[in-house]
Amino acid sequence: MNRIKQYFKAKRAKIYEKDYQFLLGFLNEKELEYFNKLPVYEKRHSLDVCYYLINKYGIEDQDLLKAALFHDIGKIKAKITLTKKVIGVILEKIPFLAKFLEKRIYFLKIYYNHPEYSTEICKEIGLNERVVDIVRHHHGRNPTDEDVIKLQEADKKN
Ligand SMILES: [Fe+2]
Ligand SMILES: [Fe+2]
């Protein structure tokens, strides 16, 4: 999905009753508590990544599905509004400036390094090593792990 489409989708993002039912059936109390810390547009994104894996690949593997729900959880370390996210996305196109600013602006540091923070938080939640490993590599280049490849595809499309 291109970035502009992604922006408009995020702007109208909502969570529905059936999403809550799904989350309640799938997550334990602590996982739910952390998931709820995500802003609505990130909740929507994470759920859609998860549903994509279920619908396109018929994934039933709980580890991959939990990785889908928590891959961006590191972003809760800063309050990244949609506008701030847009700034992060645009700045990414100017790598030297992004590098310079990420050392000075906290939300950019979190945004650009979120896989690392997601990994940390997944451990804190008590998610297993496999989930942690998939999450750690969700923006990795040239992944060889089948689950990471599927997650990257689902992430891009949602
Ligand atoms: Fe991510
Ligand atoms: Fe993502």
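Computed from the coordinates by the stated procedures, all read-outs in this text should not be read as laboratory data. It should be emphasised that the depicted structure is a prediction, and the values quoted were computed from it without experimental measurement. Quick reminder, even Gly has a Cβ in these numbers, built from the backbone with ideal geometry, and neighbours come from all protein chains shown.
Summing Lys, Arg as +1 and Asp, Glu as -1, what charge do residues with Cβ under 14 Å from the Cβ of residue 6 carry, residue 6 excluded? Show your work: numbers first, answer last.
On the way: positive: 3, 5, 9, 11, 12, 44, 85, 156, 157; negative: 42, 48, 72, 92, 155.
Around residue 6, the charge tally is +4.
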Item checked: Positive minus negative residues near residue 146 (Lys, Arg vs Asp, Glu; Cβ under 13 Å) -> -4
Item checked: Low-density loop positions, GluC sites (Glu not before Pro), segment 25-80 - DSSP coil, at most 13 other Cβ in 10 Å -> 60
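Starting from segment 124-158, pick out the trypsin sites (Lys or Arg not before Pro) whose DSSP state is loop and whose Cβ has at most 10 other Cβ atoms within 10 Å.
Taking segment 124-158 and a limit of 10 other Cβ atoms within 10 Å, the loop trypsin sites (Lys or Arg not before Pro) found are 141.
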